[in-house]
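The values are calculated or read from the model by the stated rules, or taken from the named source; none is laboratory data. What you see is a predicted model; the values in this text were computed from it and never measured. Neighbour counts run over all protein chains shown; Cβ positions are idealised from the backbone, glycine included. What goes into the accessible areas is simple: the full protein's heavy atoms, side chains included, and nothing from ligands, DNA or RNA. Shrake-Rupley method; radii C 1.70, N 1.55, O 1.52, S 1.80 Å.
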Amino acid sequence: MESIKELSKEIPQAVISRLPRYFRYLGELKDEGVTRISSKELSNLMHVTASQIRQDLNQFGGFGQQGYGYNVEYLYHEIGKILGLDKTHKLILIGAGNLGQALVNYMNFQRRGFLFCGIFDNNPALCGKKIRDIPVQPMENLERFVKENDIDIAVLTIPKTSAEEVAGILSECGIRGIWNFAHCDLSVPSHIQVENVHLSESLMKLSFRLKSDARI
Ligand code: NAI
């Protein structure tokens with residue numbers, strides 16, 4: 001039988017991008033003590049069609065049983081495994097400014113297994129300062145820290161002017177993933193996964209929808 005990992009290679013990106021939302025809803029149901037749910041009930045809750053849910057989950061071999069629905073706990077754990085949340089990810093932050101500090105201070109990432117282990121900044125005035133007990137270190141320590149601590153993800157909260165250069169250093173250190181908040185698209189080797197987060201783009205989409213609403 002194919003493993004979940006092998007199957008997930010062919011899964012459409014659109015399905016993958018919906019999995020975190022399934023995971024979140026199932027986690028809430030689990031916390032409320034719900035043990036099973038039909039695709040119809042899940043569909044009402046999530047405001048997506050039951051057929052979309054069945055199609056999405058069938059990509060991974062189903063998980064549901066006719067007449068029973070889905071076992072909430074099992075599905076939650078299976079989706080967690082597909083998303084790689086069954087292991088701890090070790091993170092470093094680069095750029096200990098306003099945004100970077102807010103991210104490190106947000107406790108929920110840790111609950112999901114994303115652990116900030118190191119913080120780096122090129123401003124000497126910040127070095128030594130602690131954010132949630134993690135000292136800010138100078139950039140000179142970066143390479144050794146990543147190698148010695150088996151870090152897999154770097155969070156970039158630095159200006160776009162230096163993001164490309166820092167991404168280059170990270171790729172040489174063996175980082176496998178970059179969560180990029182800098183306002184630029186990074187060119188990195190293909191073995192490094194980059195996830196861009198642009199809050200302003202999300203706001204622009206909202207602005208567009210408000211504009212469209214006003215025309216109705
Ligand atoms: P900030 O100025 O408070 O913090 C930036 C930090 O990066 C500073 O501590 C600075 O010393 C450090 N830094 C600059 N160049 C560096 C380098 N080469 N190596 C190491 N550290 C370096 O800025 P803020 O508000 O925290 O924003 C950070 C970046 O994130 C900005 O470029 C901003 O445009 C972007 N941003 C992106 C958002 C998004 O949704 N993607 C939302 C908000 C900000």
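For the range 44-89, I need the span (max minus min coordinate) of the C-alpha atoms along each principal axis, in Å, sorted largest to smallest.
34, 21, 19
Rank by packing, highest mean first: peptides 108-115, 168-175, with packing defined as the count of other Cβ atoms within 10 Å averaged across residues. Write down the numbers at each step before the final one.
Details: 108-115: 13.2, 168-175: 16.6.
The densest-packed peptide leads the list: 168-175, 108-115.
Using a 1.4 Å probe, what is the accessible area per residue for the chain, in Å²? It would help to have the intermediate numbers written out before the result.
Details: 13290 Å² over 216 residues.
On a per-residue basis, 62 Å².
Summing +1 for each Lys or Arg and -1 for each Asp or Glu, what net charge is found among the other residues whose Cβ lies under 14 Å from the Cβ of residue 63? Can you show the working numbers first?
Numbers: positive: 36, 54, 81; negative: 56, 73, 78.
Net local charge, residue 63 excluded: 0.
Running a GNM on the chain with Cα contacts under 10 Å, which residue among 167, 96, 50 ends up with the highest mean-square fluctuation?
With Cα springs under 10 Å in the chain, the top fluctuation among 167, 96, 50 is at 50.
Treat each spin label as a single point 7 Å out from the Cα along the C-beta direction, and report the residue 36 to residue 21 distance in nm.
2.6 nm
Within the accessible area of the chain, what % is carbon and sulfur when the probe is 1.4 Å and the other protein chains stay in place?
Details: 6760 of 13290 Å².
Using a 1.4 Å probe with all protein chains present, the chain comes out at 51 percent carbon and sulfur.
Over the range 36-158, what is the relative contact order in whole percent, taking alpha-carbon pairs under 8 Å and six or more residues apart?
On the way: 154 pairs, mean separation 29.0, N = 123.
Relative CO of the range 36-158 lands at 24 percent.
Which net charge results when you count Lys and Arg as +1 and Asp and Glu as -1 among the other residues whose beta-carbon is under 13 Å from that of residue 144?
Working: positive: 147; negative: 140, 143, 148, 150, 172.
Here the charged neighbours net out to -4.
Using only the Cα atoms of the range 55-127, each taken as one equal point scatterer with no solvent, compute I(q) by the Debye sum, divide by I(0), and report log10 of the ratio at q = 0.11, 0.13, 0.28 Å⁻¹.
Log10 of I(q)/I(0), two decimals: -0.47, -0.57, -1.23.
Between residue 13 and residue 55, what length in nm is gained on full extension when 0.36 nm per residue of separation is reduced by their alpha carbon distance? It would help to have the intermediate numbers written out before the result.
Values: separation 42, 0.36 × 42 = 15.12 nm, distance 1.37 nm.
The residue 13-residue 55 span can extend by a further 13.7 nm.
Mind computing the radius of gyration and Dmax over the alpha-carbon atoms of the chain? Å is fine for both.
Rg and Dmax of the chain, Cα atoms, are 20.2, 63 Å.
Sort 46, 204, 139 by heavy-atom solvent-accessible area, probe 1.4 angstrom, most to least. The partial results should precede the final answer.
Working: 46 5, 204 120, 139 45 Å².
Ranked list, largest accessible area first: 204, 139, 46.
Let me know the number of lysine pairs in the range 6-95 closer than 18 Å at the Cα, not counting same-chain pairs under 8 apart.
Details: 9/81; 30/40; 30/81; 81/90.
For the range 6-95, the number of qualifying lysine pairs is 4.
Would you mind telling me the antiparallel percentage of the DSSP bridges in the chain, rounded to 5? Intermediate results must be reported in sequence, preceding the final value.
Values: 5 of 25 bridges.
Of those bridges, close to 20 percent are antiparallel.
Roughly speaking, what is the stretch gain from residue 143 to residue 207, that is 0.36 nm per residue apart minus the C-alpha to C-alpha distance, in nm to one decimal?
On the way: separation 64, 0.36 × 64 = 23.04 nm, distance 4.12 nm.
Once the chain is fully extended between residue 143 and residue 207, it gains 18.9 nm.
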